[in-house]
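Colleague: Shown below is the structure under consideration.
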Amino acid sequence: MKSHISFVKVRYAETDQMGVVHHGNYAQYFEIARIDWLQQFGVSYKSLEKSGIMLPVYEMGIKFLKPAYFDDNLEIVTHLKAIPNVKIEFEYEVFNRAKDLLTKASTTLVFMNAETRKPIACPEFILNKLKD
């Protein structure tokens with residue numbers, strides 16, 4: 001399936017007293033990676049929202065294998081798990097500069113009509129971009 005690599009530099013405010021990235025920051029890292037993933041196909045998250053489509057997170061799972069630290073340059077590899085329908089599923093791998101696998105995760109998001117707040121099918125234009 002389609003993959004993309006994003007990069008995040010760990011800021012001091014994202015770490016705890018042990019100097020380790022606080023687990024709550026990973027949701028933001030994955031959001032950055034998803035937005036980058038969409039942009040590689042010419043899809044702007046902002047334009048999705050303007051057209052009345054939202055993508056709320058339905059489910060998230062994370063395995064912390066090794067810690068990330070302040071000033072680390074993280075590489076986040078985002079994989080599309082399957083062709084989307086009403087939901088879109090991603091898997092992530094987070095690596096440090098030494099290419100150590102730090103974290104594995106997955107998210108499931110649902111395509112939603114912003115007005116009705118009801119699930120909808122993946123927009124055809126996204127499906128078409130995935131076929132290219």
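A short reminder: the numbers here are calculations on the coordinates, not readings from a lab. These numbers were taken from a predicted model, which means no experiment stands behind them. A quick note on method: Cβ atoms are made from the backbone with ideal geometry, for glycine too, and the neighbour counts reach across all protein chains shown.
Colleague: Using all alpha carbons of region 39-78, what is the percent of pairwise distances in each 10 Å bin, ordered from the shortest bin to the longest?
Modeller: 18, 33, 33, 16
Colleague: If you line up the Cα atoms of the chain on their principal axes, what length do they span on each, largest first, in Å?
Modeller: Principal-axis extents of the chain (Cα, largest first): 44, 30, 22 Å.
Colleague: Here is a follow-up. Count charges around residue 15 for me, please; just the other residues with Cβ under 14 Å from its Cβ, Lys/Arg as +1, Asp/Glu as -1. Intermediate results must be reported in sequence, preceding the final value.
Modeller: Working: positive: 9, 11; negative: 14, 16, 71, 72.
After counting each charged neighbour, the total is -2.
Colleague: Which order do the peptides 49-61, 97-109 take when ranked by the mean count of other beta-carbon atoms within 10 Å per residue, highest first?
Modeller: Output ranking for 49-61, 97-109: 97-109, 49-61.
Colleague: Quick check on the chain: helices-only [θ] at 222 nm, where DSSP H runs of length 4 and up contribute -39,500 (n - 2.57) each and the sum goes over total residues. Nearest 500, please.
Modeller: Details: 3 runs with 28 residues, N = 132.
Per the formula, -6000 deg cm²/dmol.
Colleague: Relative contact order (percent) for region 1-99, with alpha-carbon contacts under 8 angstrom and 6 or more residues of separation?
Modeller: For region 1-99, the relative contact order is 40 percent.
Colleague: I would also like to ask the following. For the pairs 66/87; 2/87; 9/66; 2/129, note any where the Cα-Cα span goes beyond 20 Å.
Modeller: 66/87
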